[in-house]
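The values are calculated or read from the model by the stated rules, or taken from the named source; none is laboratory data. None of these values were measured; they are calculated from a predicted model. Cβ sites come from the backbone with ideal geometry, for glycine too, and all protein chains shown count toward neighbours.
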Amino acid sequence: MLNPCRLSRALLLVAPLLLLGGSVLYAQSEDPAALRRELTDLKRSVEGLNAKIESLERRLVDQRTPAAQEAAEAAPQTSDTPSPPAPGTRPQERWQRLTQGMTFQDVEALLGRPQRMIDVSPKTVWYYAYPDIGSGSVVFNQESGVIDWQAPPFNTWW
């Protein structure tokens with residue numbers, strides 16, 4: 001069976017490498033037309049990957065049991081504009097307060113609304129991104145709340 005979590009992670013890891021790998025070949029060229037063609041090709045590749053991800057997500061939604069669909073509908077909705085997190089604290093401090101078993105509402109109050117949410121019954125993954133810091137994710141189990149998370153790479157030197 002297709003493991004959507006593993007596939008999503010693989011796509012998230014491979015896509016930037018593909019983009020960077022193709023760019024390096026043309027980065028040595030100063031031909032604007034070649035750079036435009038490369039940019040157009042990269043945009044098409046990204047659009048194709050996005051279409052594949054959306055298709056896989058739709059297939060997963062179609063495969064859900066009725067109970068899983070009800071649980072997904074009960075989960076908070078997401079938007080491109082996250083709700084504000086807990087006031088007066090830095091992101092790193094908020095992520096350090098995460099504990100297993102926290103509910104959707106607990107995490108939203110602490111970290112704010114996620115920028116993206118993927119439901120792969122019985123698990124739901126919330127994704128957060130911070131400019132100049134990186135991304136993090138929180139994994140929920142429908143019955144027991146938070147079961148795992150990966151905090152953004154705070155204090156990481158590139």
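Scanning the stretch 97-113 for residues that are more than 18 Å from the chain's Cα centre (by Cα) and of a type in the set (D, E, K, R) yields Arg97, Asp106.
What's the total number of residues in the stretch 115-138 that are in contact with a Lys or Arg (Cβ under 6 Å, 6 or more places away or on another chain) and of a type in the set (A, V, I, L, M)?
First, pick out the residues of the stretch 115-138 that are in contact with a Lys or Arg (Cβ under 6 Å, 6 or more places away or on another chain): 121, 127.
Checking the rest, the ones that are also of a type in the set (A, V, I, L, M) come to none.
Final tally of qualifying residues: 0.
Among the residues of this structure, Gln100 counts as one that is loosely packed, with under 13 Cβ neighbours inside 10 Å and either modelled with pLDDT of 95 or more or aromatic (Phe, Trp, Tyr) (or both). The set of residues in the stretch 106-158 that are of a type in the set (Phe, Trp, Tyr), closer than 19 Å to Glu93 by Cα and in a strand (DSSP E or B) comprises Trp126, Tyr127, Tyr128, Tyr130, Trp149. Across the stretch 103-125, the qualifying residues are those that are more than 12 Å from Val139 (Cβ to Cβ) and in contact with a helix residue (DSSP H, G or I) (Cβ under 8 Å, 6 or more places away or on another chain), and the one among them that is surrounded by the fewest Cβ atoms within 10 Å (Cβ to Cβ) is Ser121. Screening the stretch 126-158 for residues that are at pLDDT below 95 and of a type in the set (Asp, Glu) and picking the one that is surrounded by the fewest Cβ atoms within 10 Å (Cβ to Cβ) gives Asp132. For the stretch 122-139, a residue qualifies if it is of a type in the set (Val, Ile, Thr) and touching a strand residue (DSSP E or B) at 6+ places or on another chain (Cβ under 7 Å), and the qualifying residues are Thr124, Val125, Val138, Val139.
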